[in-house]
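Here the structure comes first, spelled out in structure tokens, and everything after it is commentary.
Throughout, read-outs are computed from the coordinates displayed, never taken from laboratory work. No experiment lies behind these values; they were computed from the predicted model shown. Glycine also receives a Cβ, built like all others from the backbone with ideal geometry; neighbour counts cover every protein chain displayed.
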Amino acid sequence: MGNWRIIIKDKMTIRADVAKNRMYMDLVGFFSDFEMQQVYNKFAAEVKKLHAGFDVITDISEFKPTTPDGAQKMGETQKLAKDLGLNRVIRIVGTEAGQVQVARKERELGINSDEATSVAEAEIMLDDAKKAAA
């Protein structure tokens, strides 16, 4: 079991930035059903640090499509975000297949999302939107 944790740690980074009320996710490679459950668990723990109206920057530029059960867990993670007050998602895109799977789940849930080519670009998009709204 210890080896799984090492592999998962290298494949995903999920952290909440409380000051910006923003979640950062970085998913790399293929995720098994077990690993998608770990993504859900980590997201659920981190999102508790944020308040309604939070944004998410998700780097899926190296994400590979998961299994049907993994995709269902991805949808549950996205639904949790929406239910807890998700404002906006910016996806850092790369591989077409992984990008399509994530976008499909977002559309099914009615999640507002945009695409960027880097985390820096995504941060500018979100920061500019907040300034315009103020």
| Inside region 40-53, can you point out the residues that are closer than 14 Å to Q78 by Cα and in contact with a strand residue (DSSP E or B) (Cβ under 6 Å, 6 or more places away or on another chain)? | K42, F43, E46
| said: I'd like the full set of residues that are closer than 20 Å to Q38 by Cβ, small (G, A, S) and within 12 Å of the chain's Cα centre (by Cα), limited to region 62-104. | reply: G75, A81
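I'm trying to understand the selection: among the residues of region 18-38, which are more than 15 Å from A81 (Cβ to Cβ) and either free of Cβ contacts under 8 Å to residues at least 24 places away in the same chain or not in a strand (DSSP E or B) (or both)? Even if it seems obvious, please write down each step before you answer.
Start the filter on region 18-38 by keeping residues that are more than 15 Å from A81 (Cβ to Cβ), which leaves 18-20, 26, 28-35, 37-38.
Passing the criteria: V18, A19, K20, F30, F31, S32, D33, F34, E35, Q37, Q38.
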